[in-house]
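The values are calculated or read from the model by the stated rules, or taken from the named source; none is laboratory data. Treat the numbers as computed from the prediction; the structure is a model and nothing was measured. When we count neighbours, we look across all protein chains shown, and the Cβ atoms used for this are built from the backbone with ideal geometry, even at glycine. Areas reflect the complete protein model, heavy atoms only, side chains present, ligands, DNA and RNA absent. Shrake-Rupley method; radii C 1.70, N 1.55, O 1.52, S 1.80 Å.
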Amino acid sequence: GHVALELYHIAVRLELEITIIDEREEFCNNERFPKATCIAAPFISVFTRPQNWIRPYFVIATRGHSFDQLCLEHVLKIDHWYIGMIGSRRRVRAAFQALLDAGTPRALLASIHAPIGVEIRAETPAEIAVAIAAELIAVRRGAEGAGSISARERVLDRLLKE
């Protein structure tokens, strides 16, 4: 979507290796993302086959909470530095609740940055991408939690009781 495209441009400037995954080829192609590895395939097929990712940072920005949940379920099984997910409190809560109901340990869900980004009151896709990129940099530089929306919202603690 729009946020992913804006985040891609920032990630290129940050000299990050970028892989875009989307089931829709019209949104996941090298014309749109020329400096990325584009995988246009169903999420389930990507995450159930071996990949050569080395401790990646995952940003989940799908078109629906069922896809968010599917991606979260699979990326939690991959050795990673960071997992962040775009979404409203309701969308994050629904994904977390479904994963808890499926037996995902609460401590594992607590490591997810959701809602994603640093609090800058972002509204436009470009602003949201800047907020996400800032959080990625904070994690990479060891400044986790610095202005993080997920730290403020504490969806797992506040909205999903044990």
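Some notes on this structure:
- Across the accessible surface of region 18-113, with the other protein chains kept in place and a 1.4 Å probe, carbon and sulfur atoms take up 52 percent.
- With DNA, RNA and ligands ignored, accessible area of Tyr57 (1.4 Å probe; Å², nearest 10): 80
- Label zone of Ser88 (point 7 Å out along Cα→Cβ, amide N under 19 Å): in region 106-123 this covers 114-117, 121-123.
- Sequence-ordered 3J(HN,Hα) estimates for region 48-62 from the Karplus curve with 6.51, -1.76 and 1.60 and θ = phi - 60° stand at 9, 10, x, 10, 9, 5, 10, 6, x, 9, 9, 10, 9, 9, 8 Hz, glycine and proline given as x.
- Using a Förster distance of 25 Å, the FRET efficiency for Asn30-Arg63 (Cβ separation, nearest 0.05): 0.75
- Across region 1-94 the C-alpha pair distances fall into 5 Å bins from zero in the proportions 3, 12, 24, 27, 22, 10, 2 percent.
- Accessible surface calculations at 1.4 Å, restricted to protein heavy atoms, place the chain at 57 Å² per residue.
- Cα shape, the chain, gyration tensor, a/c 1.5 rule: oblate
- Extension gain, Glu17 to Ala143, is 43.2 nm, computed as 0.36 nm per intervening residue step minus the present C-alpha separation.
- Full extension of the chain segment joining Ile78 with His2 gains 24.7 nm, where the gain is 0.36 nm per residue of separation less the Cα-Cα distance.
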